[in-house]
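Shown next, in structure tokens, is the structure this report addresses.
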Amino acid sequence: MERLVKDRIKKSRIPARLDLAQSGTGLVLGLFMWVHMLLVGSILLGKGSFNFVAKTMELSFLSDTGHGYPSAVFFAVLGVFSLFIIHAALGVRKFPISWKQHTIIRSQMGMMNHSDTNLWYWQVVTGFFMFFLGSVHLFVMLTHPGQIDPYLSADRVFSSTMWPLYLVLLFCVEVHGTIGLYRLCMKWGWFAGTDPAKSREKLKMVKNRATIFFLSIGVLALLVFFIIGWGHSDRVGEPYNTGHTAVEDSVAPGADPVDAGTEEATEVEASEETGEELEEATEVEAAEEIAEEAVEAAEVEASEETAEESVEAADDETAEETAVETTEAPSAPSDIHVEVEANDHTTSNKE
Ligand code: HEM
């Protein structure tokens, strides 16, 4: 009975077919990742370029109004996510699942120091990480298919703190993807040419350069998303539109170095900035006017006070003078009366 089972396994073609499926899904995902990184890297050409790419991915060119169809992205993510899960399920067959298996592989690697074997081990490690990190990213994309634009992506990277996940995932997927494509060439004899050893060296060089190229684009793009997200952190969730708001460059020093390309955006920016400056200027002017008025009022008040004081002082003075005068000539209080009376007479005679 045992022999029968062993024979059936030995003769079964399923493992080979699973290998083929793994290679097939790996090839599609690997090439997808190169395209994906170039599309995400469009942020390096400016927000307008990334927005154009995002809208094109939403098939906006099919609609009259130019708005996109997030459902198109939803189905694309669903397709990639399914491939991702199938590829992971096929890949897990090769994982060293016990400590014993792991120790054996590590010791053989140490003994052979064979570069391709070492590369395979790194594929296993990066694949393991992508089980978790890739799934998070894909689930977010699946549930937010219409939320891909320069600001919403930047908000995810900065304000939703996705950047650490993206950074680790970036290294994992670029290392895993390029090693995977290189190993596919080795496994299926692609680009072998007449001298396999030579073409192996060449392919290895292409692999290393592709890894460095896509990692650099990924890290730079992540940095730009981070800076945009930082500048946009007071308006999280505000989507990008072609006439975007003006304050973004004034928020973070050196924010958004890639925006220079979009002339239209800078014109709108400039006019809104002058608008704001004008507003500020009028406010300052108004404040100055008020201040001036206050000063004037204070001055008037002060002068009135001084006038009053001087009147009072004058009054006091005359009062003092009369007091002096009365004290000086105490015996003829009637004189004043006579004088007043005399004055009255003369005025009445005159009249
Ligand atoms: C159709 C499926 C996918 C779509 C629509 C998609 C979309 C995106 C978008 C829009 C970004 C920019 C950041 C953001 O908006 O949050 C991004 C970044 C990223 N994606 Fe994907 N993605 C997909 C599949 C994958 C897969 C399968 C992986 C790897 C397992 C992956 C790895 C990454 C990495 C590492 C970044 C950061 C890029 C950078 O360094 O700037 N993506 N993706």
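The values are calculated or read from the model by the stated rules, or taken from the named source; none is laboratory data. A quick note: this is a predicted structure, and the numbers were derived from the prediction, not measured. Cβ placement follows ideal geometry from the backbone for every residue including glycine, while neighbour counts extend to all protein chains displayed. We work out accessible area using only protein heavy atoms, side chains counted, and drop any ligands, DNA or RNA first. Shrake-Rupley method; radii C 1.70, N 1.55, O 1.52, S 1.80 Å.
A few remarks follow.
- Among the residues making up the stretch 101-144, a single one is in contact with a His (Cβ under 6 Å, 6 or more places away or on another chain) and within 15 Å of Tyr182 (Cα to Cα): Gln123.
- One residue from Trp163, Trp190 being open to solvent by 30 Å² or more (accessible area, probe 1.4 Å), under 13 Å from Leu27 (Cα atoms) and not small (Gly, Ala, Ser): Trp190
Yes/no matrix, rows are residues, columns are (1) open to solvent by less than 20 Å² (accessible area, probe 1.4 Å); (2) more than 8 Å from the ligand (Cβ to nearest atom); (3) without any contact (Cβ under 8 Å) to a residue 40 or more places away in the chain:
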position: Gly134; (1), (2), (3): yes, no, no
position: Pro150; (1), (2), (3): yes, yes, no
position: Asp195; (1), (2), (3): no, yes, yes
position: Ile212; (1), (2), (3): no, yes, yes
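- Filtered residues of the stretch 153-166 (kept if near the ligand (Cβ under 8 Å from one of its atoms) and either assigned to a loop (DSSP other than H, G, I, E, B) or over 15 Å from the mean Cα position of the chain (by Cα) (or both)): Met162
- Among the residues of the stretch 167-188, at least one is in contact with a Ser or Thr (Cβ under 9 Å, 6 or more places away or on another chain), of a type in the set (A, V, I, L, M) and away from the ligand (no atom under 16 Å from the Cβ).
- Looking across the stretch 152-180, the residues that are of a type in the set (S, T, N, Q) and touching a residue at least 12 places away in the same chain (Cβ under 8 Å) come down to Ser153, Ser159, Thr178.
- Residue that is farthest from Val224 (Cα to Cα), among those in the stretch 23-63 that are near the ligand (Cβ under 9 Å from one of its atoms), touching a residue at least 24 places away in the same chain (Cβ under 8 Å) and over 15 Å from the mean Cα position of the chain (by Cα): Leu29
- Within the stretch 164-187, the residues that satisfy the criterion of being among the aliphatic types (A, V, I, L, M) and either touching a strand residue (DSSP E or B) at 6+ places or on another chain (Cβ under 6 Å) or more than 16 Å from Val219 (Cα to Cα) (or both) are Ile179, Leu181, Leu184, Met186.
- Residues being outside any helix (DSSP H, G or I) and either more than 9 Å from the ligand (Cβ to nearest atom) or within 11 Å of the chain's Cα centre (by Cα) (or both) - total across the stretch 136-148: 1
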